[in-house]
Amino acid sequence: MNQKKMSMRKMNRVKNQMILLTVVDLLAAVVQIKTILGERVNKMGTAKELKQTVKEKYGEIAVKNQTGCGCGCGSKSNKIVGYTVMQDNYTNLEGYIAEADLGLGCGVPTEYAGIKKGDTVVDLGSGAGNDVFVARAIVGDEGKVIGIDFTLEMIGKAMANKLKVGFDNVDFKLGEIENIPFADNAADVVISNCVLNLVPDKRKAFAEIYRILKPEAHFCVSDIVIKGELPEELKKSAEMYAGCVAGALQQDEYIGIIKETGFNNVQIKKTKVIEIPDDVLKEYLSDSEIEKFRNNKVGIFSITVVGYKN
Ligand SMILES: C[S@@+](CC[C@H](N)C(=O)[O-])C[C@H]1O[C@@H](n2cnc3c(N)ncnc32)[C@H](O)[C@@H]1O
């Protein structure tokens, strides 16, 4: 009888322990879910805030008609503002319209985009239309060029430029790159100039590019990437100096995302070093680190990349 009581007690103890364990597990799971959700909400918050800042910055640039600050001047207090850091010279390109050139690019995507007469081209983050009008000169009357931008003031400026030149096969649409207002499998070529570094969700951006391209069609984008580890403070300073650095990824990660999206034959067609003056570098790097930086092993680069849809 005593033994029976004892084993009953033992069983109850085990049962209670199991219940306790389940409750602990459950609590741990709840904490984990809350953390994951919290992180996600935080990320969504920062992505939303980031995009709002980008919109405000480019809205201001469009309205004030600022030019010549590469990807955009980061700070008004920056004494180097006004120096063209990244922008290539567009003035000799066919289709060039001075009013559309706000000096915000970091390459010439149309140079390697293989655009043909009659093509339908989509330019993501089209700004005032600089690359759209260059692409229009290549596609001719039979083709179509559509610029997409999420800054209302930029779309307004681009539309005013379109009206000035009177092309009816050029259009500008207000919309986000993470949700491109364009049909599936409909573009021959997607181009973009110094924009994707500003998009918080680059995977979504490349997935959208993939979606809108026709089968076997391709993209050509110019963008800012980083190679090697840059001190955080130097990155901040470079952002003020040249813009478009804060959201830039490591080159390998950038190319990795493109390949993971499903693009093949991904090639970097051009690499350009973004020159940062020695006096800026000296504040953050030792002499040997500066040498490494100057030997192009570590630094900030503009790359022009192409990739093909299957
Ligand atoms: C550095 S400017 C480049 C403008 C233009 N490509 C050029 O070279 O003149 C970046 C442009 O991308 C737009 N942009 C940034 N993030 C975007 C997003 N997520 N969706 C749509 N447009 C975006 C901005 O409004 C801005 O006009």
Checklist entry - Hey, how many Å between the Cα centroid of the stretch 258-295 and the Cα centroid of the stretch 94-134? => result 24
Checklist entry - Rounded to the nearest 0.05, what FRET efficiency is calculated for K10 and L163 with R0 set to 51 Å and r the Cβ-Cβ distance? => result 0.05
Next on the checklist: Can you tell me how the stretch 120-214 classifies by the Cα gyration tensor, rounded, prolate or oblate, using a/c under 1.5 as the rounded cut?
Outcome noted: oblate
Item to check | Ranked list, fewest to most other Cβ atoms within 10 Å of each Cβ, for S237, S192 | outcome: S237, S192
Checklist entry - Amide H neighbours of Q250 under 5 Å, counting only residues 5+ apart in sequence or on other chains, H built in-plane at 1.01 Å? => result I226
Next on the checklist: Can you tell me the length gained on complete extension of the stretch D171 to E56, counting 0.36 nm per residue apart and subtracting the Cα distance?
Outcome noted: 39.1 nm
Item to check | For the stretch 56-308, the Rg and Dmax computed from alpha carbons only, in angstrom | outcome: 17.6, 56
Checklist entry - Can you give the FRET efficiency for S286 and K236, using 1/(1 + (r/R0)^6), R0 = 25 Å, r = Cβ-Cβ distance, to the nearest 0.05? => result 0.85
Checklist outcome for this item: Counting sequence-distant residues (5 or more places) and residues on other chains, those with an amide H built under 5 Å from that of K269 are T304, V305, V306
Checklist entry - Over the Cα atoms of the stretch 221-283, what is the Rg over Rh ratio if Rh follows Kirkwood? => result 1.02
Item to check | Förster radius 51 Å - calculated FRET efficiency between L152 and E260 (Cβ-Cβ, nearest 0.05) | outcome: 0.95
Checklist entry - Given K51/K173; K235/K269; K144/K270, which pairs have Cα atoms separated by over 19 Å? => result K235/K269; K144/K270
Checklist entry - Tally Lys and Arg at +1 and Asp and Glu at -1 over the other residues with C-beta under 14 Å from the C-beta of E142: what net charge comes out? => result 0
Next on the checklist: How long are the semi-axes of the equivalent ellipsoid of the stretch 151-205, defined as square roots of 5 times the Cα gyration tensor eigenvalues? Whole Å, largest first.
Outcome noted: 22, 15, 10
Item to check | Loop trypsin sites (Lys or Arg not before Pro), the stretch 91-145 (other Cβ atoms within 10 Å of the site Cβ: 10 or fewer; DSSP) | outcome: K117
Checklist entry - Quick one: if you stick a label point 7 Å off each Cα along the C-beta vector at V63 and A246, how many nm between them? => result 1.9
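Read-outs throughout are calculated quantities, based only on the coordinates presented, and are distinct from any laboratory measurement. As the structure is a prediction and not an experimental result, all values here were calculated from the model. Every residue, glycine among them, receives a Cβ derived from its backbone with ideal geometry; neighbour counts consider all protein chains shown.
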